[in-house]
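Just below is one structure, and these are the notes that go with it.
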Amino acid sequence: MATENRINFWRRNAKVPGRYLKDTNPQFNNLKSKKASSFHEFARSTNDAWDIDEEEDEDFLRTPAQTSSGLHSTSTQNQQQENEAVDTETGVSHRLAPPRTEAENLQDGQEEDAECKHVNGQVVKSSSDAYLNTSSVRSTLQKQQSLPVRPIIPLVARMSDQNASGAPPMTVREKSRLDKFKQLLASPNTDLEELRKHSWSGIPREVRPITWRLLSGYLPANKERRELVLKRKRDEYFGFIEQYYHSRTDEHYKDTYRQIHIDIPRTNPLIPLFQQPVVQEVFERILFIWAIRHPASGYVQGINDLVTPFFVVFLSEFVTEDVENFEVAALPLDTRRNIEADSFWCMSKLLDGIQDNYTFAQPGIQNKVKALEELVSRIDEDIHNHFKRYEVEYLQFAFRWMNNLLMRELPLRCTIRLWDTYQAEAEGFSHFHLYVCSAFLIEWRKEILSMVDFQGLLMLLQNLPTIHWGNEEVGLLLAEAYRLKYMFADAPSHYKR
């Protein structure tokens, strides 16, 4: 019945966001560990999640000589598939070079020996290879090896979207959209409704910073007033820094600052940008000032994630290369200060609409999770009953979806694209997000129903394989969320009051 409704919806409604042909979902590997049939069995039999399996660790560190015999048998049957790759974003087929002989490989290896160096007892060819050999990325790389090959997006989550440097030239349609945005932004009084309409399906990278400032309510629509407002708000923020930041070591605030200081290094740990000391200091100031200015909630774990999309978007205004590897300290001090202040105010505007998510007992999240459960029971009864059969509570996986706005489930580039639409939607973060979470859950319907134990279900829902997602997958997700909002608009009424 749900499938029939979905088909009829798109046949009847020509004006809703369009859909693309959906790729087949990657096969999710079933867990081979001992299965638990209930939450209590799972809790009793689960060890510390941070423990590293010794056998996996040894396999990862095994030298090429030790693993070559095992790889040889599989490389032959996979060689034909590797000789031809299709660019999934452009649809262009690329013929790769034929396999090389052992003699050719040996000759090339001798020429490259001069460029190699030793790291942790292993031979690597560059600093990036050395970085990938650190323990912080071992488990992630092992999981990614089983995913389909998408050569456009590297294993380490890129923040660049399709309009970033190194991407194919813009199509005629993309250039037309960019021109329309520039025309709207250049008018004496920007039509915000028209800007939201065009932003729903994604904002071009070149105009995203100014568009986000406008849609968040940080900048006025009147063009002449913008520079004055920017200067006033930036000065106001750094006035807060001078007035309050020194109090971070006071008895009253030291616990708040300590928690922020602990959480900052955990923010996107695989992206070099966020491990730079200058960036971490920016985040500490933003989060501490926000916390002491909002005593009803204070700082709550998860808010640290909400700074990152704003920081990356406002940084991209001054960076042409890949943002994730850019040295922020190379920017002029005034530029860094402006990025910091703008990130603070835009994050504050976002949190103003969902602050009950972070007050005592987090009632906003509790209500949203309950609304998600109610909505899914109406959209897909099979999934809902499957969760009940294996004692999976929505709070066990959806709490993080609401607390972090799906940022832990999606690569950062996808979050930025998602937020284009959230800022274009009325109550995007507080209301439309519910339908996005519902669509996101239904997206994994096949994998969910194939899991027949509590442990497997929970591990799946907490480790959904989205590392290779891009703009196309997010566009499909948003289109489905729009359809659900249109058909089930009364579902979350009990928490909108």
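The values are calculated or read from the model by the stated rules, or taken from the named source; none is laboratory data. Given the structure is predicted, the values throughout are model-derived calculations rather than measurements. Cβ placement follows ideal geometry from the backbone for every residue including glycine, while neighbour counts extend to all protein chains displayed. Heads up: the accessible areas ignore ligands, DNA and RNA and are worked out on the full protein's heavy atoms, side chains in. Shrake-Rupley method; radii C 1.70, N 1.55, O 1.52, S 1.80 Å.
Summary table below
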item: Search result, residues across segment 293-304 that are crowded, with 21+ Cβ neighbours inside 10 Å and part of a helix (DSSP H, G or I); result: Ile303, Asn304
item: Scope segment 262-279; condition within 25 Å of Glu236 (Cα to Cα) and surrounded by 15 or more Cβ atoms within 10 Å (Cβ to Cβ); matching residues; result: Ile264, Val279
item: Residue list for segment 144-172, restricted to those being exposed (fewer than 15 other Cβ atoms within 10 Å of the Cβ), modelled with pLDDT of 50 or more and within 25 Å of Leu412 (Cβ to Cβ); result: Ala167, Pro168, Pro169, Thr171
item: Gln423 being over 25 Å from Phe360 (Cα atoms) and open to solvent by 10 Å² or more (accessible area, probe 1.4 Å); result: yes
item: Test for Leu333: is it in the same structural domain as Glu227 (by the TED database), buried (at least 22 other Cβ atoms within 10 Å of the Cβ) and at pLDDT 95 or above; result: no
item: Filter result for the condition that a residue is among the hydrophobic types (A, V, I, L, M, F, W, C) and farther than 23 Å from His198 by Cα, over Leu412, Leu457, Leu434, Leu476; result: Leu457
item: Tally of residues being crowded, with 21+ Cβ neighbours inside 10 Å and within 19 Å of Ile448 (Cα to Cα) across segment 470-480; result: 2
item: Subset of segment 426-465 [closer than 17 Å to Phe387 by Cβ, crowded, with 20+ Cβ neighbours inside 10 Å and of a type in the set (Val, Ile, Thr)]; result: Ile448
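For (1) in contact with a Gly (Cβ under 8 Å, 6 or more places away or on another chain); (2) farther than 22 Å from Ser430 by Cα; (3) open to solvent by 40 Å² or more (accessible area, probe 1.4 Å); (4) assigned to a loop (DSSP other than H, G, I, E, B), each residue gets a yes or a no:
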| site | (1), (2), (3), (4) |
| --- | --- |
| Phe181 | no, yes, no, no |
| Arg196 | no, no, yes, no |
| Ile203 | no, no, no, yes |
| Glu206 | no, yes, yes, no |
| Arg226 | no, yes, no, no |
| Val229 | no, yes, no, no |
| Arg232 | no, yes, yes, no |
